[in-house]
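Note sheet for the following structure.
The values are calculated or read from the model by the stated rules, or taken from the named source; none is laboratory data. Predicted, not measured: the structure shown is a model, and the values here were computed from it. Because the Cβ atoms are built from the backbone with ideal geometry, glycine has one as well, and the counts that use them run over all protein chains shown. Note: areas computed on protein heavy atoms with side chains; ligands, DNA, RNA excluded. Shrake-Rupley method; radii C 1.70, N 1.55, O 1.52, S 1.80 Å.
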Amino acid sequence: MPSSYDHSDVSPAALPEYLIRHATLRQLQVFEAIVRLGSFTRAAEELFLTQPTVSLQVKKLSEAVGLKLLEQAGRQTRPTEAGREVYAACHEIMRTLVDLEMGIANLKGLKRGRLRLGVITTAEYFAPEILGQFCRAYPGIDVSLKVTNRDRIVERIITNEDDIYIVGAVPTDAPALTTHAFATNPLVVIAARDHPLVGQRQIPLASIAEEPLILREPGSGTRDAVIKLLGEHGLRPSVHMELGSNEALKHAVVGGLGLAIVSLHTLTLEGVHGPVAVLDVEGFPIMREWHLVYPRDKELSPVSKAFLEFLLEGNDNLNTLMRSMLDEAFPNLAKAPRPRPAHKKT
Ligand code: PGA
């Protein structure tokens, strides 16, 4: 007796009108993105599709399933009960495809393959260069880079969207992670070049807390480090403005709106003698580290393993760059804190 799902003995013409097997992978991919991101617009952006295309794909998927999959709750798009079932299945299907891709990459060796890298906002100042060097070393490998904030990186780790991630502080709200510290991430106080504090030495931390401060958005690792340092000294910043990008922060500083604290990496292109000056403040630079992380129970693809090795062993350029920028930014310090080689696995 065939099960209710077994249509092998039924002619195609006799099949029910609604059959999920008419759904395409593309439709599932679009649907998964809408549910995960809670919005058609964000899904369209992520997948580089137009909104009408996204709507059409979901409509076709709904038709194939024969049930409504999404509903609006205010401005949020949410899955219906059927939608939640489909969403769970999407994850299973995508996990199977990733495993398949990994198996195929194994068969082909490292000649071909794909690396999906997710990085925290500030890492955008160096991750593309590293990927460029990696692609030159392994020309058959395609890479995708997703730059986003910490909360979204944690979500991406949970939903297994990328192969490997670059973060500042290791997230504590993600599943257990394997972590490798691979480079230093000094945080410095910046001011407009004509600010009265420029050129002063060992500026007390308390004076910084009194200046109007421009902070990164909640959820930023840089912001957390600043608030922690000030808190440890019993200081509360006088927050003048919150901005969601390092570039916006730098422009606001140049525009005279206040001081800000950023990673030294954000000054890589213009250097420390550009329109933004680095101040010599007590307790700075705050020496943080960049970490490469991935879920502890995840088996890395050959491409990801190659990237890991490339970053940990073949590449000390980042530390060298940070060291020379620190030397330039703090010429008067007898001994500026030095980036230490940071190849640590936990
Ligand atoms: P952010 O993270 O870009 O979110 O500030 C970087 C960091 O943690 O240093």
### Query
Which value in deg cm²/dmol, rounded to the nearest 500, describes the helix-derived mean residue ellipticity at 222 nm for the chain, given -39,500 (n - 2.57) per DSSP H run of n ≥ 4 and division by the residue count?
-12500 deg cm²/dmol
### Query
How long are the three semi-axes of the equivalent ellipsoid for the stretch 201-277, computed from the Cα gyration tensor as the root of 5 times each eigenvalue, in whole Å, largest first?
19, 15, 12
### Summary
Count of lysine pairs, the chain, Cα-Cα under 20 Å, sep. 8 or more residues or interchain, comes to 10
### Query
Order of 39-48, 164-173 by packing, highest average Cβ count within 10 Å first?
164-173, 39-48
### Query
Which value, in debye to the nearest 20, gives the size of the charge dipole of the chain about its Cα centre, when Lys and Arg are +1 and Asp and Glu are -1 at the Cβ?
320 debye
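Mind checking the per residue accessible area of the stretch 56-158 for me, 1.4 Å probe, whole number of Å²?
Accessible surface, normalised per residue, equals 56 Å².
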### Message
So if each residue of separation counts as 0.36 nm, and I subtract the Cα-Cα distance between D151 and A89, what length gain in nm does that give?
### Response
19.9 nm
### Task
Would you mind checking the radius of gyration and Dmax of the chain based on alpha-carbon positions, in Å?
24.5, 86
#### Entry: Hz values of 3J(HN,Hα) by residue in the stretch 219-227 - Karplus curve (6.51, -1.76, 1.60), Gly and Pro given as x
x, 7, x, 4, 4, 4, 5, 5, 4
### Query
Carbon and sulfur together cover what percent of the accessible area of the chain at a 1.4 Å probe radius?
54 percent
### Task
Could you tell me the accessible area of S245 in Å² (1.4 Å probe, neighbours in place), rounded to the nearest ten?
40 Å²
### Query
Roughly how many Å² is the accessible area per residue of the stretch 212-251, as a whole number, for a 1.4 Å probe?
50 Å²
### Query
Rounded to the nearest 5, what % of the DSSP beta bridges within the chain are antiparallel ones?
60 percent
#### Entry: Semi-axis lengths (Å, descending) of the ellipsoid that matches the C-alpha gyration tensor of the stretch 147-197
31, 13, 9
